[in-house]
Amino acid sequence: MDAVCQRAACLTKNDAAFVTSGAAGGLILSVAACICGDDTEKMEMLPNVEGLPKNEVLIYDGAFHELAPYWKLIRLTGARLVFVPPSVDAIKGAVNEHTAAFVLFPASLYEKGIPTCEESIPELKRLGVPVIVDAAAQLPPISNLWYYTKELGCNAAVFSGGKHIRGPQSTGLIVGEPKLLQNCRKLASPNCRIGRAFKTGKEELAAFITALELFIAEPEELKFGRQLAILTKMQKRFSSKTELKQQMNSEGRLGTYQPLLLVTLPEGKTAKECNAFTRSYGTPVDIGVYPPEFDMPDNVIFLNAYNLKEEEADIVVDAVLAYLAD
Ligand SMILES: *Cc1c(COP(=O)(O)O)cnc(C)c1O
């Protein structure tokens, strides 16, 4: 565990890191660490935070609550969630002596209508409030692994091991300040505290660090090109159906650096129905359906390739074409 965490810190250009069961586990652990500091008596009490001096966690109020409901998990620490009106000016009024941390959710999509990390973190630092950034899916670019901590100065940032890093889905990474990360570790297995429930085994640790090494070793352009080649292959096969309008974007839905293929299905077909079909057709395929918040036509599907192998492109296209023939 120590060796893997040290290597993860080094690879991600951070002072410290901790590998846990997922970004969700990382979020809960890092908030818990902000509530307890290095006080093991407090650690033993969680999720009972009654009488603890720091037992409130702030998040912005905003439309992202529906799109990224992970903030609800902060309550597992026992902390009381306080919703801050979405403006930098409102932060000062919301912070008090009970504030344990402020949790931010960066993504062009989630930050619609609320201040960005770039705007919020300087004010939170000025007020001395610990900042946790849930950047679970905010890769690539690879530099995001140190951007929130080293460039913006948040205290901890959390990433999923099973999304763009392509490690086991049961892994996640916390990076940031050594003290905070040490306290995350104290809250975790083998101790019988809140993080015991987010244990990572040796198998996951070995697989995670391998995935992280591969993710970082692959140059950004190659990563993008590999995914683009898979999507282009799909695009060519879809083009045999002239009624299908296609569009290749160079950004993921959350503003990440990745190619994304949008396909407009013929009138009368819907993305939702297509998804239900492809999930139960042959090898189950989860084609992308936009949630209503995106205001996209209901017959547009999106396809990404960051977790696909080249030979899997045909499986995806076969499933969608079978739906269209249905
Ligand atoms: C996916 C996601 C999570 C959960 O990640 P896991 O690694 O599955 O635990 C948490 N927060 C955000 C913003 C996410 O996108």
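Scanning segment 34-48 for residues that are surrounded by fewer than 24 Cβ atoms within 10 Å (Cβ to Cβ) and either touching a strand residue (DSSP E or B) at 6+ places or on another chain (Cβ under 7 Å) or assigned to a helix (DSSP H, G or I) (or both) yields T40, E41, K42, M43, E44, M45. For D326, are the conditions met, namely being of a type in the set (D, E) and under 21 Å from A68 (Cα atoms)? No.
Of the numbered criteria (1) of a type outside the set (F, W, Y); (2) over 11 Å from A101 (Cβ atoms); (3) within 13 Å of the ligand (Cβ to nearest atom); (4) buried (at least 18 other Cβ atoms within 10 Å of the Cβ), the one S30 fails is (2). Filtering segment 131-148 to residues that are surrounded by 24 or more Cβ atoms within 10 Å (Cβ to Cβ) and away from the ligand (no atom under 16 Å from the Cβ) leaves nothing. Would you say A206 is more than 15 Å from the ligand (Cβ to nearest atom), assigned to a helix (DSSP H, G or I) and surrounded by fewer than 18 Cβ atoms within 10 Å (Cβ to Cβ)? Answer is yes for this residue. On inspection, L29 fails the criterion of being in the same structural domain as E111 (by TED's automatic domain parsing) and within 12 Å of A79 (Cβ to Cβ).
V175: among the aliphatic types (A, V, I, L, M), in the same structural domain as L29 (by TED's automatic domain parsing) and surrounded by 14 or more Cβ atoms within 10 Å (Cβ to Cβ), yes or no?
Yes.
Of note, E151 satisfies the criterion of being in the same structural domain as L212 (by TED's automatic domain parsing), more than 15 Å from the ligand (Cβ to nearest atom) and within 27 Å of L214 (Cβ to Cβ). Only residues that are in contact (Cβ under 8 Å) with a residue 40 or more places away in the chain, under 22 Å from K112 (Cα atoms) and of a type in the set (D, E, K, R) were counted in segment 62-101, giving 1. Scan segment 261-280 and tell me whether some residue there is in a loop (DSSP other than H, G, I, E, B), under 27 Å from A135 (Cα atoms) and outside the structural domain of I165 (by TED's automatic domain parsing). No, every residue in segment 261-280 fails to be in a loop (DSSP other than H, G, I, E, B), under 27 Å from A135 (Cα atoms) and outside the structural domain of I165 (by TED's automatic domain parsing). Scanning segment 106-119 for residues that are within 16 Å of the ligand (Cβ to nearest atom) and in a helix (DSSP H, G or I) yields a total of 1.
The selection criterion, being of a type in the set (A, V, I, L, M, F, W, C) and within 16 Å of the ligand (Cβ to nearest atom), holds for A17. The set of residues in segment 60-91 that are within 13 Å of the ligand (Cβ to nearest atom), over 22 Å from C36 (Cα atoms) and not in a loop (DSSP other than H, G, I, E, B) comprises F64, H65, E66, L67, P69. Is it fair to say E97 is within 16 Å of the ligand (Cβ to nearest atom), more than 13 Å from the chain's Cα centre (by Cα) and part of a loop (DSSP other than H, G, I, E, B)? In short, no. A single member of V57, V31, V103 is under 16 Å from V158 (Cβ atoms), among the aliphatic types (A, V, I, L, M) and in a helix (DSSP H, G or I), and it is V31. What about E267, is it touching a residue at least 24 places away in the same chain (Cβ under 8 Å) and surrounded by fewer than 16 Cβ atoms within 10 Å (Cβ to Cβ)? Yes. When F83, F64, F159, F102 are checked against the criterion of being at pLDDT below 95 and hydrophobic (A, V, I, L, M, F, W, C), F64 stands alone in meeting it.
The values are calculated or read from the model by the stated rules, or taken from the named source; none is laboratory data. If you're wondering where the values come from, they're calculated on a predicted model, not measured in any experiment. All Cβ positions, glycine included, derive from the backbone under ideal geometry; neighbour counts span all protein chains shown.
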